[in-house]
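Please read the structure below before turning to the comments.
Bear in mind that the values in this text are calculations on the coordinates, not laboratory data. Keep in mind that this is a model prediction, so the values were computed, not measured. Here the Cβ positions follow ideal geometry from the backbone for every residue, glycine too, while neighbour counts run over all protein chains shown.
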Amino acid sequence: MIARAAVAAFAALLASACATHRARDGRPLTLDTHVDIPFAYMAEPRFDAGGDTPLKVDLGKMERGGLDAVFLVVFVEQGPLDAEGYAHAVAQAGRKYAAIGRLLQRYPARIRLARTPEDILANRAHGLLSAAIGIENAYSLGHDLARIDAAWAGGARYLGLVHVGNNDLCTSSLPDAERHESNEEGISEFGRAAVARANALGMMVDVSHASDACVRDVLAISRAPIIASHSSARALVDHARNLPDELLRAIAARGGVIQAVAYREFVKRDSAREAAEKALQKAVAAQAGDGEYDSEKHGFLPAYLEGMQRIDARYPLATLDMFLDHVQHVVRVAGIDHVGIASDFDGGGGVDGWIDAAQTRNVTDGLRRRGYDDEAIRKIWSGNLLRVWQAAIDVAARHEEVGR
Ligand SMILES: [Zn+2]
């Protein structure tokens, strides 16, 4: 009963908040579920999101582009599955939580943390931006379930199970070929325990980057609807990071949402461009005296930016229209109630026409041109994701009632 009352209260709040916003400027509430941050975020002047930055998402760009809310991502790269590797990942995640903390502390009059869907609505009603937090690669839990609770306390509201390379929770859509990994198996015992703990807390489970086998396993065990925080459609672009129609349908059938992502390679396959980008990264890293390319260290160097301009001229970037094809495909296959939007900005995302947060209105205009009405656009931009988020919270509340 408590859960049902909460749903009703939330629905009422959503309706009144929508009415307020329509009255104010007619814009739908816009929510991007996947935005990366560098380790030096809010620590170096160039990454101070309150100023003019080389980042694709900063507060000014969000305000100008009408992007109301973002999930900032606590991402760590996959490393060895041993004590040292886990400790390193935990420490790296700690740096990202601290960076988000600095943002919220420095700009309380512009952006606030959102721990619930209600927070997102309330922030917008007060003319404030929202930052929510998502985990990308649960390797950073350091193989310790108690860290999910710590992450929850720190504001994390989705749990991205895996990244590139298999980990201790599940197999990856892109297993590590050098380590001869296979991804036929799905979720591990620890992964199952992590999903159960996320369900109990009300944290959404995110299957972007997971193998198809893992997505199937998570669908079978999760007590709450799940999300794919940044994945597009494999039927349009045959990339392992995109989801096949069968899984788009299965996620929708369990009430979840697929957040189509404006990431170039997933929207438009261009192997010549991919090769040119890899060659540039290698060259810029070598020039800087490093063995490997590091986006934070090398991705803002003039040599890299100029090289990318040459690549853009030679191999045109995927366009907003191509991205909207993916959104539309997910709508057709999964239904209008099961699609959302993610950029993967500052993690390689961005397409011609939605190259940074300042161009967010182009996405809304593009949806309108394709015939989506205000109600459909509201669902795509935030309504669906907020519904799934609330459902995760309600499942946890029911779990607590039963346990009492
Ligand atoms: Zn990702």
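Just add up the charged neighbours of S382: K/R +1, D/E -1, any other residue whose Cβ is under 10 Å from the Cβ of S382. All intermediate terms of the calculation are to be shown ahead of the outcome.
Details: positive: R124, R378, K379, R387; negative: D32, D68.
Neighbour charge sum, excluding S382 itself: +2.
Summarising the label geometry, the points placed 7 Å from Cα in the beta-carbon direction at V164 and R310 lie 2.2 nm from one another. In this Cβ point-charge picture (+1 for Lys and Arg, -1 for Asp and Glu), the chain has a dipole of about 1400 debye about its Cα centre.
The amide H of L129, built 1.01 Å from its N in the peptide plane, has I111, R112 as neighbours under 5 Å, considering only residues 5 or more places off or on other chains. Once you reduce region 101-174 and region 24-83 to the center of their Cα atoms, the two points are 12 Å from each other.
Shape analysis of the chain based on the Cα gyration tensor places the equivalent ellipsoid semi-axes at 29, 26, 22 Å, largest first. Once the C-beta distance of A283 and A240 is scaled by a Förster radius of 25 Å, the resulting FRET efficiency is 0.40 to the nearest 0.05. The residue among V327, G366, A138 whose Cα reaches farthest toward the positive pole of the charge dipole of the chain, with charges on the beta-carbon of Lys, Arg, Asp and Glu, is G366.
So for each of 69-77, 325-333, 238-246 I average, over its residues, the number of other beta carbons within 10 Å; can you give me the resulting order with the highest mean first? Walk me through the numbers before you get to the answer.
Working: 69-77: 24.6, 325-333: 21.9, 238-246: 18.3.
Final packing ranking: 69-77, 325-333, 238-246.
Hydrodynamic radius of region 277-317 by the Kirkwood approach over all distinct alpha-carbon pairs: 10.2 Å.
Return the percentage of antiparallel bridges among DSSP beta bridges fully within the chain, rounded to the nearest 5 %.
Details: 5 of 36 bridges.
The antiparallel proportion sits near 15 percent.
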